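Below is one structure; the comments refer to it alone.
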Amino acid sequence: MASTAFLAPLTDSRLVRRAADAVLLRYAHHRTAQLNRMDVAAVQRNTLIRLVRKAKRTQFGRDHDFSRIRSIADYQARVPVRAYEWFWDTYWKNAFPRIDNLTWPGKIPYYALSSGTTSGATKYVPVSWEMVASNKKAGFTTTALFRHANPGAKLFTGKFFFLGGSTDLRRQDDGSLAGDLSGIASRELLELLRPYTFPPRDLTLITNWEEKVRRFAELSAREPITALSGIPAWMHVLFTRLKEVTGKSTIAEIWPDLRLIVHGGTKFDPYRELFKKEIGSDLVKFCEVYPCSEGFVATEDPQYQHLRVVPDHDIFFEFVPVGELGQDRPTRHTLANVEVGVQYAVVLTSCAGVWSYLVGDTVAFERRDPPLIRFTGRTKYFLSAFGEHLISEEVEAAVARAASVCGVVAVDFHVGPVFPAVPGKAGHHLYLVEFAEGRPDLARFAKEIDDELNRINEDYGPHRVGDLAMLMPEVRVVKPGGFAEWMKARGKYGGQNKVPRMDNSGAMTKDMANWFENNGWAG
């Protein structure tokens with residue numbers, strides 16, 4: 001494709017910006033109408049058959065008899081649900097980085113590095129040219145749904161701020177590049193759109209996160225930022241730096257044209273009130289997105305205020321009931337026959353060569369038509385050390401509830417079990433919590449968590465009766481910045497890295513608590 005870089009200066013005039021925003025608004029109405037009238041089941045069926053036909057001559061396609069697949073049932077009969085480790089060990093490891101034509105036809109230009117939050121190991125997830133296009137389409141869909149619902153919120157009159165990882169991608173032996181998914185997206189940004197985005201390329205290459213945020217704050221304070229996207233914890237760090245370098249008390253004073261905050265990667269509930277206070281303007285709207293390294297899953301639709309699965313960007317979705325994970329032949333639902341309220345593990349088949357791939361996330365559907373979901377956690381993020389069967393969504397809700405009742409903001413936390421040192425005694429959950437400012441009565445905070453979990457989880461209450469099986473939760477304060485320092489000490493600071501929320505083994509929780517104590521971050 002010919003470069004359009006020479007046109008970029010022309011797009012930065014005020015007249016062209018107004019015209020671009022008008023075009024975006026027309027596209028937003030068209031795209032939203034298209035989604036609303038879409039036959040999701042037919043689109044998904046056609047997507048799968050198209051992917052199968054394209055990959056039938058790959059090694060994976062030959063091994064799984066793709067040439068004879070004519071339906072979803074044919075496909076599910078031939079392709080089991082598998083996780084990353086199976087694809088790596090069976091197809092990718094021995095050939096890496098040149099995995100051409102193994103699970104997807106052609107050369108793979110990029111590998112998205114995933115932190116492997118459930119396994120602890122770095123994953124190299126293939127990103128094909130088709131996946132680059134898929135992610136771009138998903139990004140435009142997110143913007144379209146927002147603009148359709150907020151026609152007066154002009155975005156192209158200013159700049160989109162993408163608070164992501166480094167674009168200093170590592171070149172592999174075959175010429176492919178590996179790095180943060182946000183870095184790949186930045187590298188592939190259309191040249192025509194660069195005048196509408198921040199940061200400039202030279203800043204995205206900075207690998208030191210502290211230096212990068214400082215430079216971001218210094219330069220962006222002078223820019224007409226209309227939208228900001230990133231992980232909530234790192235956006236909060238940016239807000240702090242912005243106020244330091246400008247002396248302003250709210251973000252709205254610094255960016256008066258800010259209209260949209262796009263967040264993802266972690267539950268936003270603990271941050272919502274904090275962000276409203278930090279921003280200081282009711283004109284700013286929040287939009288949740290659900291991207292992962294393997295493919296974009298869903299984006300918030302303001303019409304419904306829920307995540308809406310995007311069905312038409314070369315990804316086929318399956319959903320396995322969480323209780324059936326580990327079975328040889330679990331039930332595999334599609335967007336045509338999922339049930340509302342059931343906890344499902346997300347399974348993807350993509351245009352980058354993952355086939356019925358277990359992502360590691362769990363969701364529950366709010367509606368089938370349109371397909372609306374809520375993110376409920378990770379397949380390996382749960383607490384059941386004492387038989388309590390808590391999932392991430394429930395723990396997040398309990399912490400958010402306790403913070404609200406106690407009048408504080410919990411910006412980050414981690415929880416895991418503490419096993420009794422004396423046989424026959426009961427254990428408990430240890431919550432390590434970092435608060436935005438001040439600290440609550442910890443006994444009350446713990447009781448509010450306990451009360452909320454009793455209310456929303458029927459397995460939790462019986463284990464708390466009489467303190468026989470499980471004691472009252474314990475809450476310890478982490479000083480502001482403590483989690484960031486813990487992440488930094490492990491080489492996981494900034495970008496798309498997130499604090500692990502839960503640890504059912506208790507080992508990480510114990511190590512983390514000891515680290516905070518030994519390094520002066522215990523409150």
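The values are calculated or read from the model by the stated rules, or taken from the named source; none is laboratory data. Please read these numbers as outputs of a predicted model, since none were measured by experiment. Every residue, glycine as well, gets a Cβ built from its backbone with ideal geometry; the counts of neighbours run over all protein chains shown. The accessibility values were calculated without ligands, DNA or RNA, using every heavy atom of the protein model including side chains. Shrake-Rupley method; radii C 1.70, N 1.55, O 1.52, S 1.80 Å.
Annotations
- With all protein chains kept in place, the per residue accessible area of region 232-284 amounts to 42 square angstrom at a probe of 1.4 angstrom.
- Two-site label geometry, T246 and R222: point separation in nm, points 7 Å out along Cα→Cβ: 1.4
- Using the Stokes-Einstein relation with a Kirkwood hydrodynamic radius computed over Cα pairs, the translational diffusion coefficient of region 259-372 at 10 °C and a viscosity of 1.306 mPa s comes to 103 µm²/s.
- Dividing the convex hull volume of the alpha-carbon atoms in region 159-262 by its residue count gives 95 Å³ per residue.
- Portion, in percent, of the accessible area of the chain that falls on carbon or sulfur, probe 1.4 Å: 51
- Sorting 105-114, 480-489 by their mean Cβ neighbour count within 10 Å, with the most densely packed peptide first, gives 105-114, 480-489.
- Sequence-distant contacts, meaning Cα pairs under 8 Å at least 6 residues apart, place the relative contact order of region 184-260 at 30 percent.
- For K248, the aspartates and glutamates whose Cα falls under 14 Å of its own Cα, not counting residues fewer than eight places away in the same chain, are E218, E278.
- Accessible-area rank, largest first, for E273, E324: E273, E324, with all protein chains present and a 1.4 angstrom probe.
- Residue-level accessible surface for V40, protein heavy atoms, 1.4 Å, Å²: 20
- Tensor-based shape of region 25-128 (alpha-carbon gyration tensor, a/c under 1.5 rounded, otherwise prolate or oblate): oblate
- Straight-distance crosslink candidates among aspartates and glutamates, where the alpha carbon sits under 16 Å from K479 and sequence neighbours closer than 8 are dropped: D412, E434, E437, D441, E517
- Between region 139-180 and region 215-287, the alpha-carbon centres lie 16 Å apart.
- Dividing the summed -39500 (n - 2.57) terms of all DSSP H runs of n ≥ 4 by the residue count of the chain sets its mean residue ellipticity at 222 nm at -10500 deg cm²/dmol.
- Taking every C-alpha pair closer than 8 Å and separated by at least 6 residues, the mean separation divided by the residue count of region 247-329 gives a relative contact order of 22 percent.
- When the C-alpha to C-alpha distance is required to be over 22 Å, the pairs from K212/K276; K243/K285; K159/K492; K212/K267 that qualify are K212/K276; K159/K492; K212/K267.
- Set of lysines near K56 by C-alpha distance (under 18 Å), chain-local residues within fewer than 8 positions excluded: K107
- Protein-only accessible surface at a 1.4 angstrom probe places the residues Y344, Y304 in the order Y304, Y344, largest first.
- Heavy-atom accessible area order for L192, L258, largest first, 1.4 Å probe: L192, L258
- For G377, distant residues with modelled amide H under 5 Å away: T362
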